[in-house]
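Reviewing the structure listed below.
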């Protein structure tokens, strides 16, 4: 289409956004899509067992630890009729895939993070088949997984509710979206856990009196007395992976939002330049475009650095080997430090910068978004940005994170130099 100064602006933006929409509908390249390709080519196989269907085999293929198991007894998912305090839903995850399993359900529920598109949703039929097929879902899952709670992009949710003794949420009491900023007192309603979970929050507790749902009553019995733990891959509900899950789901959503908003800003800017007969210059953006990029990326920087993280009133102790398995994934600097190392006394991690900075989703951000985030991180970690949002970071925190990233993150900009060589 020829463009001149008389070409109406809004139709051009609409045409440009069609290109953005076509990118959104492109074939996904997430871990499940990759696994399906390997299955189709005979390079991978899934094994079926009568007790759990394909669950264990899927976890093995995706390197998802069994000890990541979270147990949700509230009726807050696709299989609400099959979930109860006597039959909780099990959730397993790694850095970019989430698998939900419910006893006697006909499918596994899966969310898999595409580096560009964000979360993609699938079902895997729990029926023995010569060639198992992951079935991509869109409209049905997005009814819950795309809303203001996910920043209006396809996203992930960790919720805390006031459950009655059947697991039904008492919605009149409200619900909570759980992130790393959530007070511990508002977390884990409708979840089982063992180990030592700080003050325990709302975990293992039920509403006795619907007229006063805020007065939860905790069951003191062990998990094995609540339900048949032998029917699950693990008898535990470790609180440490729940802390990780709260942070990770939030940051995945923010990364998806940053990518989509930045791309939309760039597409619309290009249409504006074409409409007025002006060529955009590399790295030269309209002030309005930079404002939109900043608005999309500042929340990512804050989440990466755990700005606003809720303090732990007491130490959290796991009930499984999850923490050790998670920590050993690294990467490590020459002093053996890693962003995956836990604190679990006053905060989640020893060095408060998210390990998801190594993820494919982060690395696949639009160049302008990633450049903005790196510059902002550099300013915070070198003390050039000492705004209140980052006052929780001590000088030692900033120094350690700067050094760890300097050794372990390969694509840092050239200005990101070791201390003593222009980095400070």
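Identify, please: which residue in the range 182-199 is in contact with a helix residue (DSSP H, G or I) (Cβ under 8 Å, 6 or more places away or on another chain) and in a loop (DSSP other than H, G, I, E, B) and is, among those, modelled with the lowest pLDDT? Here the answer is 198. Within the range 27-75, the set of residues being assigned to a loop (DSSP other than H, G, I, E, B), touching a residue at least 24 places away in the same chain (Cβ under 8 Å) and more than 23 Å from residue 319 (Cβ to Cβ) comprises 28, 29, 30, 46, 48, 54, 75.
Tallying residues that are in a strand (DSSP E or B), farther than 12 Å from residue 32 by Cβ and either touching a residue at least 40 places away in the same chain (Cβ under 8 Å) or out of contact with any strand residue (DSSP E or B) (no Cβ under 7 Å at 6 or more places or on another chain) (or both) within the range 99-113 yields 1. Just one of the listed residues (98, 162) is modelled with pLDDT of 95 or more and more than 15 Å from the chain's Cα centre (by Cα), namely 162.
Only a single item in (1) closer than 17 Å to residue 241 by Cβ; (2) buried (at least 22 other Cβ atoms within 10 Å of the Cβ) is not met by residue 184, and it is number (2). Restrict the check to the range 230-247 and report whether at least one residue is on the phi < 0 side of the Ramachandran plot and at pLDDT below 90. No: zero hits. Residues of the range 370-397 that are farther than 29 Å from residue 116 by Cα, touching a residue at least 12 places away in the same chain (Cβ under 8 Å) and assigned to a helix (DSSP H, G or I): 395, 397. Restrict the check to the range 119-137 and report whether at least one residue is modelled with pLDDT of 95 or more, under 27 Å from residue 318 (Cβ atoms) and more than 21 Å from the chain's Cα centre (by Cα). Scanning the range 119-137 turns up no residue that is modelled with pLDDT of 95 or more, under 27 Å from residue 318 (Cβ atoms) and more than 21 Å from the chain's Cα centre (by Cα). When residues in the range 312-361 are screened for being in contact (Cβ under 8 Å) with a residue 60 or more places away in the chain and within 20 Å of residue 183 (Cα to Cα), 11 of them pass.
The values are calculated or read from the model by the stated rules, or taken from the named source; none is laboratory data. Keep in mind that what you see is a predicted model, and the values were worked out from it rather than measured. Reconstructed Cβ throughout: ideal geometry from the backbone, glycine too, with neighbour counts over all protein chains shown.
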